[in-house]
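Novice: For reference, the structure I am asking about is given below.
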Amino acid sequence: PMFGIVLAFKDYKVPQGIFGSPWVGLENFRFFFESQDAFRVIRNTLGLNLLFIAAGIFFGVLFALLMFEVKRRSHVKVYQTVSIIPSFISWVAVGYIVYSLLDPTKGLVNQILEAFGKGGIEWYSEAKYWPIILLIAKTWQGVGLGSIIYYAALMGVDNELFEAAEIDGAGKLQRIWHVSLPQIVPIIIVMAILDIGKIFRADFGLFYNVTRDVGALYSTTDVIDTYVFRALMQQGNIGMSSAVGLVQSVVCFVTLVATNLIVKKISPENSLF
């Protein structure tokens, strides 16, 4: 499949095939980076992904710590099962759920606002609200599955450490802060490195289906993947989409390696490789 990279450097024409299509060098890359939308989609992709990574790690660790403090393991299984279910719901279904909540005329959120004497909000016309809406949807969908990894790491911590801390008079919060968290720092760092390695790629289903691809929201929700998809569907420019995909892969590789090198300099035992 790596041979397909050559499409990024050609003006691909289906009748002429890969070999017969004319070579255009870096023209496909120039088409994207010189467009007026390049800065916006790159900013949105990086900014929202950083927000998702920070929230995913924070809430994943928090939920894992809460489950670890539950003494009855049967209850933990119930909590885990309930929290994992959103991970198996497609973004198409989530998009309809969000629309049922935010529909300007019949949406549940606007009905609640009106019940409290507040005016309804045209959610699909106000781009400023959508980074938070997308953050909530992404966290709701992924926090359960992410927390299992941290919970498994906590289960591997030696109980003698908790017993020693309790003998020394440490309370529950102190045991969490001085024993639980330090013991799972390596797995937190590994997960952060892996997530940063995907920072230049966006979750297409989230950004396309949940926002319903409404043009009024592009200023805060349009990312590289949705932008390239529209360019491909409207213009049929396979070369440009291949070029952007190649740029994404290279940037993700570079950021992953760079992040790992930084971690290796600071804390060698916690680096990925």
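The values are calculated or read from the model by the stated rules, or taken from the named source; none is laboratory data. All values derive from a computational prediction rather than experimental measurement. Positions of Cβ are generated from backbone atoms using ideal geometry, with glycine treated the same way; all protein chains shown enter the neighbour counts. The area values use the complete protein model at the heavy-atom level, side chains included, leaving out ligands, DNA and RNA. Shrake-Rupley method; radii C 1.70, N 1.55, O 1.52, S 1.80 Å.
Novice: From Leu51, Leu102, which residue is open to solvent by 60 Å² or more (accessible area, probe 1.4 Å) and under 28 Å from Glu122 (Cα atoms)?
Specialist: On the way: Leu102 fails: open to solvent by 60 Å² or more (accessible area, probe 1.4 Å).
None of the others qualify; the one that does is Leu51.
Novice: Oh, and also: Residue check, Ile196 against (1) modelled with pLDDT of 90 or more; (2) within 15 Å of the chain's Cα centre (by Cα); (3) open to solvent by 30 Å² or more (accessible area, probe 1.4 Å); (4) among the β-branched types (Val, Ile, Thr), all met but one. Which one?
Specialist: Answer for Ile196: the failing condition is (1).
Novice: What is the number of the single condition among (1) of a type in the set (Lys, Arg); (2) over 29 Å from Thr221 (Cα atoms); (3) in contact with a helix residue (DSSP H, G or I) (Cβ under 9 Å, 6 or more places away or on another chain) that Arg40 does not meet?
Specialist: (2)
Novice: Right, here's the next one. What helices (runs of 4 or more DSSP H) completely inside region 167-273 contain at least 1 residues that are without any contact (Cβ under 8 Å) to a residue 60 or more places away in the chain?
Specialist: 172-175, 181-196, 224-235, 238-266
Novice: Between a first residue in region 91-120 that is without any contact (Cβ under 8 Å) to a residue 60 or more places away in the chain and under 16 Å from Val214 (Cα atoms) and a second residue that is part of a helix (DSSP H, G or I) and charged (D, E, K, R), which pairs have beta carbons less than 9 Å apart while being 6 or more apart in sequence or on different chains?
Specialist: Final answer for the pair search is none.
Novice: Just to verify a result, which residue in region 111-124, among those that are in a helix (DSSP H, G or I) and surrounded by 11 or more Cβ atoms within 10 Å (Cβ to Cβ), is farthest from the chain's Cα centre (by Cα)?
Specialist: Of the residues in region 111-124, the ones in a helix (DSSP H, G or I) are 111-115, 123-124.
If we keep only those that are surrounded by 11 or more Cβ atoms within 10 Å (Cβ to Cβ) as well, we get 111-114, 123-124.
Details: Gln111: 30, Ile112: 29, Leu113: 29, Glu114: 33, Trp123: 22, Tyr124: 21 Å.
Per the criteria, the residue is Glu114.
Novice: List the residue pairs whose Cβ atoms are under 6 Å apart, where the first residue sits in region 75-88 and is under 14 Å from Ala64 (Cα atoms), the second is in a helix (DSSP H, G or I), and the two are 6 or more positions apart or on different chains.
Specialist: So the pair list comes out as Val76/Met67; Tyr79/Met67; Ser83/Gly144; Ile84/Gly144; Ile84/Leu145.
Novice: Do you know which of the residues in region 66-78 that are part of a helix (DSSP H, G or I) and in contact with a helix residue (DSSP H, G or I) (Cβ under 6 Å, 6 or more places away or on another chain) is surrounded by the most Cβ atoms within 10 Å (Cβ to Cβ)?
Specialist: Narrowing region 66-78 to residues part of a helix (DSSP H, G or I): 66-69, 73-78.
Keeping just the survivors that are in contact with a helix residue (DSSP H, G or I) (Cβ under 6 Å, 6 or more places away or on another chain) gives 67-68, 76.
Numbers: Met67: 21, Phe68: 19, Val76: 17.
Per the stated criteria, the residue is Met67.
Novice: From (1) modelled with pLDDT of 90 or more; (2) among the aliphatic types (A, V, I, L, M); (3) surrounded by 14 or more Cβ atoms within 10 Å (Cβ to Cβ), pick out the condition that doesn't hold for Leu108.
Specialist: That leaves (3) as the condition not met.
Novice: For region 242-269, name all the residues that are crowded, with 17+ Cβ neighbours inside 10 Å and either modelled with pLDDT under 85 or touching a Ser or Thr at 6+ places or on another chain (Cβ under 8 Å) (or both).
Specialist: Within region 242-269, Asn260, Val263 qualify.
Novice: Does Leu62 qualify as being out of contact with any helix residue (DSSP H, G or I) (no Cβ under 7 Å at 6 or more places or on another chain), under 25 Å from Ile187 (Cα atoms) and either in a helix (DSSP H, G or I) or open to solvent by 60 Å² or more (accessible area, probe 1.4 Å) (or both)? Talk me through it step by step, then tell me what you get.
Specialist: On the way: out of contact with any helix residue (DSSP H, G or I) (no Cβ under 7 Å at 6 or more places or on another chain): yes; under 25 Å from Ile187 (Cα atoms): yes; either in a helix (DSSP H, G or I) or open to solvent by 60 Å² or more (accessible area, probe 1.4 Å) (or both): yes.
Yes.
Novice: Has region 10-32 got any residue that is in a helix (DSSP H, G or I), surrounded by 11 or more Cβ atoms within 10 Å (Cβ to Cβ) and among the small types (Gly, Ala, Ser)?
Specialist: Of region 10-32, the ones in a helix (DSSP H, G or I) are 17-20, 27-32.
Now restrict to residues that are surrounded by 11 or more Cβ atoms within 10 Å (Cβ to Cβ): 18, 27-32.
In the following step, the residues that additionally are among the small types (Gly, Ala, Ser) were identified as none.
No, the conditions are met nowhere in region 10-32.
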